[in-house]
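Okay, structure first, notes after.
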Amino acid sequence: MKFFFGTNIIYLYEIWVGKSSKNILINKKIIDDFKKNKIAVIYSFWHNRIFYLPYLYRKSNIAVMVSLHKDGELIARVMKKLGLVAIRGSTTRGGIRALVNIIKYIKENNISIAFTPDGPKGPKYEIQEGVLLAAQKSKAPIVPICWNCKKKKILNSWDNFILPYPFNTFVTVYGNPIWINDNDSLELKKIELKKEMMKIVNIADNYF
């Protein structure tokens, strides 16, 4: 019963916020080119920017890495209602199994997946290895993505989670893709990815 009410409240709020707001897209050509050529990508976004993206990509069958922690079941149900695929696991629990499932999902279905590389517990804006390994083994490019909005509440959580209000204006920014080959250094790629992700954070946060 708790999951039923919680799922529907979050889902309805997502829809309310999304449908009552407008969105400005920056560097959209980056993702349009991949879609045109039917190339699956790995979307990478910080944990505090989770809220708006499930609405933006609703009914797309994108797979989302969802934590095995107790709140993960609620999130997984919301993702399903929005037409997304939840793959359970994280960098701290069930990570290897989830990573194998994600790589298999990309290869077999040629469908994009989404990662929060600093989730589920942080540290904030620090990249864990999972997203890098998924890109290396699947050969899919990592595409950083970040949003911000005019009206919001920033929660006092470890990641300073951003909760947007309805009747809003969003900006969504795409970063340059990061490709990882078998012989690439993951440490160097981690630095490259973080630099690109923080660049688009700065663009989004300074837009309004």
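Some observations on this one:
- Selection status of Phe34, surrounded by 15 or more Cβ atoms within 10 Å (Cβ to Cβ), in contact with a strand residue (DSSP E or B) (Cβ under 9 Å, 6 or more places away or on another chain) and closer than 26 Å to Lys152 by Cα: no
- Flag if Lys104 is in a helix (DSSP H, G or I) and at pLDDT below 85: yes
- When segment 162-181 is filtered for residues that are part of a loop (DSSP other than H, G, I, E, B) and either at pLDDT below 95 or under 20 Å from the mean Cα position of the chain (by Cα) (or both), the ones remaining, listed by number, are Tyr165, Gly175, Asn176, Pro177, Trp179, Ile180.
- Residues satisfying the stated conditions in segment 176-208, i.e. closer than 19 Å to Phe51 by Cα and buried (at least 18 other Cβ atoms within 10 Å of the Cβ): Met197, Ile200, Val201, Ala204
- Hey, Glu192 over 17 Å from Met65 (Cα atoms), at pLDDT 95 or above, in contact with a Gly (Cβ under 8 Å, 6 or more places away or on another chain) and not in a loop (DSSP other than H, G, I, E, B) or not: no
- Residue pairs meeting the criteria (Cβ under 6 Å; at least 6 apart or on separate chains; first at negative phi and free of Cβ contacts under 8 Å to residues at least 60 places away in the same chain, in segment 167-182; second surrounded by fewer than 22 Cβ atoms within 10 Å (Cβ to Cβ) and assigned to a loop (DSSP other than H, G, I, E, B)): Trp179/Pro141
- Residues (closer than 17 Å to Ala98 by Cα and either among the hydrophobic types (A, V, I, L, M, F, W, C) or assigned to a strand (DSSP E or B) (or both)) located in segment 42-71: Ile42, Tyr43, Ser44, Ile62, Ala63, Val64, Met65, Val66, Leu68
- Flag not set for Ile9, criterion: over 16 Å from the mean Cα position of the chain (by Cα), hydrophobic (A, V, I, L, M, F, W, C) and not in a helix (DSSP H, G or I).
- Single match in Ile162, Ile180 (criterion: closer than 21 Å to Tyr105 by Cβ and touching a Lys or Arg at 6+ places or on another chain (Cβ under 6 Å)): Ile180
The values are calculated or read from the model by the stated rules, or taken from the named source; none is laboratory data. All figures in this text were calculated on a predicted structure; none of them were measured in a lab. Because the Cβ atoms are built from the backbone with ideal geometry, glycine has one as well, and the counts that use them run over all protein chains shown.
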